[in-house]
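To keep things clear, I will list the structure first and then write my remarks on it.
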Amino acid sequence: MKILWIEDFGGNATAREMSVNIFDDFLGKIISEKYRKDSEFSIKKEFTEYVKKISFHEIDLIKNYPEFRKIQDNIFDYDYILIDINLSEGLS
């Protein structure tokens, strides 16, 4: 399954906590304890490569509009699109 994850990483959770919280149930609790606690972590590269290694799923993460522009012509290649953007940040 191919998933597009659009994320702004707002709020109080770390990138690692967010990736585990969002995808742990989806991936069937197969995210290892080492991954959960490893201090060296790059959500953009390491998490998406980790998912490919432990499952047949592919997750592409985009964090801004220029990254979206690069994939917009292939948007229909994705099975699911997960949008997690904190829209309340701009509200008063």
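By the scheme Lys and Arg +1, Asp and Glu -1, what is the net charge of all other residues having a beta-carbon under 9 Å from that of ILE22?
Every neighbour counted, the sum reads -4.
Of the peptides 62-75, 45-58, the ranking by mean beta-carbon count within 10 Å, highest at the top, reads 45-58, 62-75.
Every read-out reported here was derived from the displayed coordinates using simple, explicitly stated rules and does not represent laboratory data. Just so we're clear, the structure is a prediction, and the values are computed from it rather than from any experiment. Ideal geometry is used to build each Cβ from the backbone, glycine not excepted, and the neighbour counts take in all protein chains shown.
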